[in-house]
1. Only residues that are among the hydrophobic types (A, V, I, L, M, F, W, C), farther than 30 Å from Asp176 by Cα and in a helix (DSSP H, G or I): list them for region 385-420, please.
2. Quick check, is Gln343 touching a strand residue (DSSP E or B) at 6+ places or on another chain (Cβ under 6 Å), crowded, with 17+ Cβ neighbours inside 10 Å and in contact (Cβ under 8 Å) with a residue 40 or more places away in the chain?
3. For the condition charged (D, E, K, R), at pLDDT 95 or above, under 16 Å from Val96 (Cβ atoms) and outside any loop (DSSP other than H, G, I, E, B), what is the one hit in Arg314, Arg308, Arg291, Arg270?
4. Which condition does Pro200 not pass, out of (1) assigned to a strand (DSSP E or B); (2) touching a His at 6+ places or on another chain (Cβ under 8 Å); (3) buried (at least 23 other Cβ atoms within 10 Å of the Cβ), if it passes all the others?
5. If I filter region 160-197 down to residues being farther than 14 Å from Gly139 by Cα and of a type in the set (D, E, K, R), which single residue comes out as surrounded by the most Cβ atoms within 10 Å (Cβ to Cβ)?
6. Which residue is nearest to the chain's Cα centre (by Cα), if the candidates are limited to region 211-225 and must be touching a residue at least 12 places away in the same chain (Cβ under 8 Å) and surrounded by fewer than 23 Cβ atoms within 10 Å (Cβ to Cβ)?
7. Assuming Ser411 fulfils every condition listed in (1) surrounded by 19 or more Cβ atoms within 10 Å (Cβ to Cβ); (2) farther than 20 Å from Tyr197 by Cα; (3) touching a strand residue (DSSP E or B) at 6+ places or on another chain (Cβ under 6 Å) apart from one, which condition is it?
8. On the given criteria, is Ile265 closer than 30 Å to Thr345 by Cα and buried (at least 16 other Cβ atoms within 10 Å of the Cβ)?
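The values are calculated or read from the model by the stated rules, or taken from the named source; none is laboratory data. It should be emphasised that the depicted structure is a prediction, and the values quoted were computed from it without experimental measurement. Cβ placement follows ideal geometry from the backbone for every residue including glycine, while neighbour counts extend to all protein chains displayed.
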Amino acid sequence: MILLPWTRYTWRVRVLADQLERAQAEGGTAWSLASARACARPHCHRSLTGVVCTLGQHMVATRPPTHGTLIPIARPIITEEEIDAVAQVMRSGELVQGLWVAQFEEAFADLCGVRYAVATSSGTTALHLALLAHGIGPGDEVITTAFTFIASTNAIAYVGAEPVFVDINPVSFTLDPDAIEAAITPRTRAVLPVDLYGNPADLVRIQEICNRHGLALIDDASQAHGAATQGKPVGSFGTATFSFYPSKNMTTAEGGMITTDSLPIAEAARKLRHHGTQQTYIHDRIGYNFRLTNMAAAIGIVQLKHLRDFNERRIANAAYLTEKLAGLSTPVVRPGDRHVFHQYTIRLPKERDRFSDDLKARGIETRVYYPLPVHRQPAYAGRGFERVFLPHTDRAAEQVLSLPVHPSLSSEELEYIAATVLELWS
């Protein structure tokens, strides 16, 4: 998405002012123009023009945004800076696994406060390689959550290991540390939590459990770029993996990353992503083609420079929604944690799907992450998971609904989302 130049920002402010005058002339809803200025930050698509409904003491949804389309659940920010970076790579002729990938790995390791980062072709391949690098395979068990995107579990299946599902904390939606120890058996080799929605799992406690039982911690941080728990960055606990899919807090179009302080894990992952290559055309094990392109890395280098700003806007948008949606079950942030709001997820005790349809009819896209837990997915039928009892997981799947929170939201869109949710719910 190419950012609008200043002249078009000025035009938009004038259009909003005209809309204000027309609304006042029609004698309908009272309006006040809070401000009329545009943000000068190069990566900011957000207009700071504030049109605020002042009718009574509550917000009123008056009309949908004049886009002619839905307010999307995600809207990647791609500017001329990323486009120029990709063009530079293409002009160089060095397209795969080169200087740009190495620079991206170094910068991402710095973000997570670790020694090593290994770029891969996707978040799924990052998980796959992380498990292989830890030597996990057939006959092994990995304790994990069923309330996640299926890739988290698929990676366990890829290496021939068995997922062991335990329930989530109903407040954080992440793996419940109190449920882990009861699931440990002599075959358990690792614990794989998921930092769902950008909210860190209780990684400090999970790391303590892993250390006590000699287990690997493999943290699926695909939705938690820049998050932290108890002052420590997500990505620095055990071995972690990230995804750069377009909907994530930062993107490379497609890509993934493994972070670790272990040199043997990093070396194994690097070798496995390139066909088990020990040196050019010498392969000491069977590996994969899980390399990241230099074009993707070039996008990632630019995106990473702006990640803090992206996240701050997500956090600010989430704070606004939480303030306005008082009375609904909104996200809770554990003290000492930095939730980066990949998704802003509320809970609705009834008629969630009808409510989602009503919001779509008003021009607001929502998503359910995730409507069917992994242990109930047809792909895993016949493996005995139908006997697994996960009441908090099942209830969350019936009740969660994610609202737009991404940094591309304008003030007008954010206000309209909050007002419409309140109006429909009341």
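1. Across region 385-420, the qualifying residues are Leu414, Ile417, Ala418, Ala419.
2. Yes.
3. Testing whether each residue is charged (D, E, K, R), at pLDDT 95 or above, under 16 Å from Val96 (Cβ atoms) and outside any loop (DSSP other than H, G, I, E, B) leaves just Arg270.
4. Only one criterion in (1) assigned to a strand (DSSP E or B); (2) touching a His at 6+ places or on another chain (Cβ under 8 Å); (3) buried (at least 23 other Cβ atoms within 10 Å of the Cβ) is unmet by Pro200, namely (1).
5. Out of the qualifying residues, it is Asp195.
6. Out of the qualifying residues, it is Leu217.
7. The single condition Ser411 does not satisfy is (1).
8. no
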